[in-house]
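Worksheet: one structure, shown below.
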Protein chains: 2
Amino acid sequence: MRSKIYLGLVHAPVYNRNGEVVATSVTNFDIHDISRTSKTYDIKNYYIITPVDAQIELTKRIMGYWQDGSGKEYNENRGEAFERTLLAHTIEDAVKEIEEKEGKKPKIITTSAKIYPNSISYKNMSEKMFEDDEVYFLLFGTGWGMIEEVMESSDYVLEPIRGTATYNHLSVRAAVAIILDRLLGEK
Amino acid sequence: MRSKIYLGLVHAPVYNRNGEVVATSVTNFDIHDISRTSKTYDIKNYYIITPVDAQIELTKRIMGYWQDGSGKEYNENRGEAFERTLLAHTIEDAVKEIEEKEGKKPKIITTSAKIYPNSISYKNMSEKMFEDDEVYFLLFGTGWGMIEEVMESSDYVLEPIRGTATYNHLSVRAAVAIILDRLLGEK
């Protein structure tokens, strides 16, 4: 079916480089690049997840500029990219919203540089998405990654993108692009 | 072989939205994200191409912060990402440097939302890269794309990333990530 795929960028709870649980800042490029990628791959909604109200306000202001302000006159398709971008305070809030919209709980998919007992290949995950009728919520972490509790409670963990590479430090924006292409792109 | 693959981000000559030939600005995320993606996919050198000396100076300063400055202490793998990032004033300068290093001229590969007589699929291009002994230079445009002369004189033009999508406005950072994964990623 692949018509009920949601994406979330998690700014909290995530680890910082010392392993402490923190909230990271929303960056302008996370809003723009991931909204554009989500729209191009026909994601139903892209949730920017942050508990910080000031960050939510700032993000809304940036998107508003492109949707209503002079940004729209300058580049109309940029505003279009934000049509499906939403904000949520927590992962749980976003899950609840999706459940209300779809009438069923989304399956949570995460990504990791490690292998978990619930790890799945891109090919298998892609087949599921195209063939079954489930709602899927793909979560990406910022900072040094989502906390263990989220990873362990997710339904599927995607394999590392570059299992064989010696250097493997993609930006979250690049990781989102590659993963959406692998799962939902032209075969 | 796939061991002689170079990548270039072209800030000039490109079109602006009115079809005029201009030089765009280097953005901080073009430096970071594309250096990280290039390193992860084992690109030999990533060339940031701009004729503007002030932009070259700024880019060197940003990279220097992560390679030598306090950025290195904060996050060592970020500096590593820049080990293969170089600057060039023009496409021709970069081509000349690559030719001197490799002892032969690189084949130029570009990407476009249009189909050209020299268009090639990702699968065919990937096979060439893994099987033959050529030097390849993948060029990505900024702004509203590279000028026609560059497109027409390139050896190969890759097919549009999302041939079937109604919205197709990926950031150049996302496009680089997806294309390197399609050409050089795990099969």
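Within segment A:149-159, is there a residue that is of a type in the set (Val, Ile, Thr), closer than 15 Å to A:THR90 by Cα and assigned to a loop (DSSP other than H, G, I, E, B)?
So the first thing to find is which residues in segment A:149-159 are of a type in the set (Val, Ile, Thr), and the list is A:150, A:157.
Narrowing further to those that are closer than 15 Å to A:THR90 by Cα: A:150.
So of that shortlist, the ones also assigned to a loop (DSSP other than H, G, I, E, B) come out as none.
Scanning segment A:149-159, I find no residue that is of a type in the set (Val, Ile, Thr), closer than 15 Å to A:THR90 by Cα and assigned to a loop (DSSP other than H, G, I, E, B), so the answer is no.
Scan segment A:100-116 for residues that are in a helix (DSSP H, G or I) and either aromatic (Phe, Trp, Tyr) or free of Cβ contacts under 8 Å to residues at least 12 places away in the same chain (or both) and report the count.
Looking only at segment A:100-116, we keep the residues that are in a helix (DSSP H, G or I), and these are A:100-102.
With either aromatic (Phe, Trp, Tyr) or free of Cβ contacts under 8 Å to residues at least 12 places away in the same chain (or both) added as a condition, the list becomes A:100-101.
Adding up the residues that qualify gives 2.
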Of the residues in segment B:117-169, those that are open to solvent by 40 Å² or more (accessible area, probe 1.4 Å) and charged (D, E, K, R) come to B:LYS123, B:GLU127, B:LYS128, B:GLU131, B:ASP132, B:ASP133, B:GLU134, B:GLU148, B:GLU149, B:GLU152, B:ASP155, B:GLU159
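Residues are listed down the side, and each one gets a yes or a no for (1) among the hydroxyl-bearing types (Ser, Thr, Tyr); (2) out of contact with any helix residue (DSSP H, G or I) (no Cβ under 8 Å at 6 or more places or on another chain); (3) over 18 Å from B:LYS44 (Cα atoms):
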{"residue": "B:TRP66", "(1), (2), (3)": "no, no, yes"}
{"residue": "B:LYS72", "(1), (2), (3)": "no, no, yes"}
{"residue": "B:GLU100", "(1), (2), (3)": "no, yes, no"}
{"residue": "B:GLY103", "(1), (2), (3)": "no, yes, no"}
{"residue": "B:ASN124", "(1), (2), (3)": "no, yes, yes"}
{"residue": "B:LYS128", "(1), (2), (3)": "no, yes, no"}
Among (1) in contact with a Ser or Thr (Cβ under 9 Å, 6 or more places away or on another chain); (2) surrounded by fewer than 14 Cβ atoms within 10 Å (Cβ to Cβ); (3) not basic (Lys, Arg) - the single one A:ALA88 does not satisfy:
(2)
Does B:ASP181 satisfy being assigned to a loop (DSSP other than H, G, I, E, B) and either at pLDDT below 95 or within 14 Å of chain A (Cβ to nearest Cβ) (or both)?
no
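Considering only residues that are open to solvent by 70 Å² or more (accessible area, probe 1.4 Å) and part of a helix (DSSP H, G or I), look in segment B:57-69 and name the one that is nearest to B:ILE34 (Cα to Cα). Walk me through how you get there before you give the answer.
Keep residues of segment B:57-69 that are open to solvent by 70 Å² or more (accessible area, probe 1.4 Å), which gives B:57-58, B:60-61, B:65, B:68.
Checking the rest, the ones that are also part of a helix (DSSP H, G or I) come to B:57-58, B:60-61, B:65.
Details: B:GLU57: 18, B:LEU58: 17, B:LYS60: 15, B:ARG61: 17, B:TYR65: 17 Å.
Filtering segment B:57-69 for residues that are open to solvent by 70 Å² or more (accessible area, probe 1.4 Å) and part of a helix (DSSP H, G or I), the one nearest to B:ILE34 (Cα to Cα) comes out as B:LYS60.
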Taking segment B:93-116, which residues are small (Gly, Ala, Ser) and open to solvent by 10 Å² or more (accessible area, probe 1.4 Å)?
B:GLY103, B:SER112, B:ALA113
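The values are calculated or read from the model by the stated rules, or taken from the named source; none is laboratory data. Remember, it's a predicted structure, so these values are computed and weren't measured experimentally. Cβ: placed from backbone, ideal geometry, glycine included. Neighbour counts: every protein chain shown. Quick note on the areas: whole protein, heavy atoms, side chains included, nothing else; ligands and nucleic acids left out. Shrake-Rupley method; radii C 1.70, N 1.55, O 1.52, S 1.80 Å.
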